[in-house]
Amino acid sequence: MNKNKNWTHWIPAILILCIVGGFYAGKTYTRKHLFIEGKNKIDNILEIINQQYVDTVNMGLLIEKTAKNLISELDPHSYLIPAEDLQIVVDELEGSFGGIGVTFNMPSDTILVINVISGGPAEKAGILPFDRIITINDSVYAGKNISQNKIMRTLRGPESSRVKLGIQRGSLPELIYFDVTRGDVPNYTIEISYKLKENIGYIKLKNFGRTTYNEFITAIAKLKKEGCNGYVIDLRGNNGGYLDAAIRVCNEFLTGRKSILYTEGKAFGRQNFFADGTGSCQNAPLVILTDELSGSASEIFAGAIQDNDRGLIIGRRSFGKGLVQAPIPLKDGSELRLTVARYYTPSGRCIQKTYELGKQEEYDRDLYNRFMHGEFDSADSIKTDNLPVYHTVGGRIVYGGGGIMPDIFIPMDTNNVTSYYANVLNSNVLYQFTLEYSEKNHTKLAAFPSYDKLYAYLQQQPLLNEFTDYAETKGIKRRPTLIQISKNLIESSLYAYIIRNFFNYDGFYRVTQKDDAPLLRAIQVIDDGTWQPVISPQNVG
């Protein structure tokens, strides 16, 4: 008994010795294994976690997150593309991709085919517009929260490979199965080109991709054949793309050895780019349309035209992306897009707006801040007092500090915008209604031979009443006064989206551009001959 009592007295001391011993053992173990020869600090930490962390860790996922966090401390345009998303990103600018040849959306919980490319794999297999894709390769894709990227990765694939689709068509009770052999699907960067009036042609550029220059030359040739000798190039919403594509398109409008841009970075010496004098439209009247979403290669194009006094820029200040990213492939199939240089316009302006390293959220709020400060409504809201001043070849003042300032400012049209209109747009209810309306009336609407015939028919339908009824079922309360104020905007959007479901962008833009203020101003300045910047004789050197 006494022995037991004596033993219990030693327990606290033994516990303390165990804890201290464990501490020193851990300390000794850590010292022994902390430093791994030939590895940097990040590699060491990851290796230690992999070997010594108490639980098993998905190291691949941890490394991916670490890499993204590391890059996020740089500028806002350096980024990492995961291996599974790389092909989709590349396809966007490559001009074509291996796929089945459909455009689709998911208005509810199933994949709805909206358009089928004429002569493409899906059409050859028998897929029709407004079919619903329920299964892909026997896996159910309906009723699930599946990202559009994952759907695209599944539908796309190498040419000649096959994909099995389970289709729900109309009210048929059973699925219809199709084996589709993937083919080469074109991905055009010019959404539409057409004759605006008598001698003026219009070209809408979605982005600058691998095939943009060839598409552009084809569009110019078509417009010239129709009698056009002046052009409006619409870069609104164009967020850029390949630099060489923008340079080649710009070259069509510049004479001699005019400067287009130069690039420069710490590890990349200054590289100059000049026109070669072979352009097909060197003296043609020219107007460029820009807005706050025109970025990168779009700003290169607009800046070169402005700095060379070659034409007018109409619209609103561009985005302000002037950083050059180099694609760097990584071993795991992912790709690092690392900023290696800056773009400069011929006058020496850096297009890039200001940013602080690692402050992505602040940078992302720039457009919102512009809107709140009234920049989209009034040119006077853009304060130029503290901006660096540059001069065009003719001596006109232009400003640096981010983005391309337009020569003619056109405010955002908010006259008939109400909270009701904003609500139906932001909630996506308007778009959902046009999809369902198009699907329900597909046979009748698809029978119209041209967009203008369909447009005339839609104008005779009680679409506004049908839509407001539909919106109310989706929780958007009917507001008669606000609806009346926004009536024209709502109806125009309804017509345009329905027409796009049957005539793609050909009909869509012709409807939306009927009251397009920047476009109407562009037509005016070409018509009255004021499209060329006014240069004072004393400024010409």
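The values are calculated or read from the model by the stated rules, or taken from the named source; none is laboratory data. The shown structure was predicted, so the numbers you read here are calculated from the model rather than taken from an experiment. Cβ coordinates were reconstructed from backbone atoms using ideal geometry, including for glycine residues, and neighbour counts include every protein chain displayed. For accessibility, only protein heavy atoms count, side chains too; no ligands or nucleic acids. Shrake-Rupley method; radii C 1.70, N 1.55, O 1.52, S 1.80 Å.
Quick look at the values:
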read-out: Unmet requirement for Thr135, which otherwise passes all of (1) touching a residue at least 40 places away in the same chain (Cβ under 8 Å); (2) assigned to a strand (DSSP E or B); (3) open to solvent by 30 Å² or more (accessible area, probe 1.4 Å); value: (3)
read-out: Any hit, segment 179-200, residues being open to solvent by 30 Å² or more (accessible area, probe 1.4 Å), modelled with pLDDT of 95 or more and in contact with a Leu (Cβ under 7 Å, 6 or more places away or on another chain); value: yes
read-out: Elements of type strands (runs of 3 or more DSSP E) contained in segment 323-430, each with 2 or more residues being touching an Asp or Glu at 6+ places or on another chain (Cβ under 8 Å), hydroxyl-bearing (Ser, Thr, Tyr) and buried (at least 17 other Cβ atoms within 10 Å of the Cβ); value: 335-344
read-out: Output for segment 276-300, where each listed residue is assigned to a loop (DSSP other than H, G, I, E, B), within 22 Å of Ala221 (Cβ to Cβ) and open to solvent by less than 20 Å² (accessible area, probe 1.4 Å); value: Gly279, Cys281, Ala284
read-out: Residue among Gln524, Gln461 that is closer than 30 Å to His391 by Cβ, at pLDDT 95 or above and out of contact with any Lys or Arg (no Cβ under 9 Å at 6 or more places or on another chain); value: Gln524
read-out: Single unsatisfied condition, Gln461 versus (1) free of Cβ contacts under 8 Å to residues at least 12 places away in the same chain; (2) surrounded by 19 or more Cβ atoms within 10 Å (Cβ to Cβ); (3) in a loop (DSSP other than H, G, I, E, B); value: (2)
read-out: Members of segment 112-140 that are of a type in the set (D, E, K, R) and within 28 Å of the chain's Cα centre (by Cα); value: Glu123, Asp131, Arg132
read-out: The lone exception for Asp469 - which of (1) touching a residue at least 24 places away in the same chain (Cβ under 8 Å); (2) within 25 Å of Asn441 (Cα to Cα); (3) surrounded by fewer than 18 Cβ atoms within 10 Å (Cβ to Cβ) it fails; value: (1)
read-out: Members of segment 67-112 found to be β-branched (Val, Ile, Thr) and touching a helix residue (DSSP H, G or I) at 6+ places or on another chain (Cβ under 8 Å), listed by number; value: Ile81, Ile88, Ile100, Val102, Ile111
read-out: Contacts under 8 angstrom Cβ, first residue in segment 302-319 being more than 20 Å from Lys353 (Cα to Cα), partner outside any strand (DSSP E or B) and aromatic (Phe, Trp, Tyr), 6 or more apart; value: Arg310/Phe253; Gly311/Phe253; Gly311/Trp531; Leu312/Trp531
read-out: Residue within segment 160-170 that is of a type in the set (A, V, I, L, M, F, W, C), out of contact with any Phe, Trp or Tyr (no Cβ under 7 Å at 6 or more places or on another chain) and either assigned to a loop (DSSP other than H, G, I, E, B) or over 25 Å from Asp291 (Cβ atoms) (or both) present; value: yes
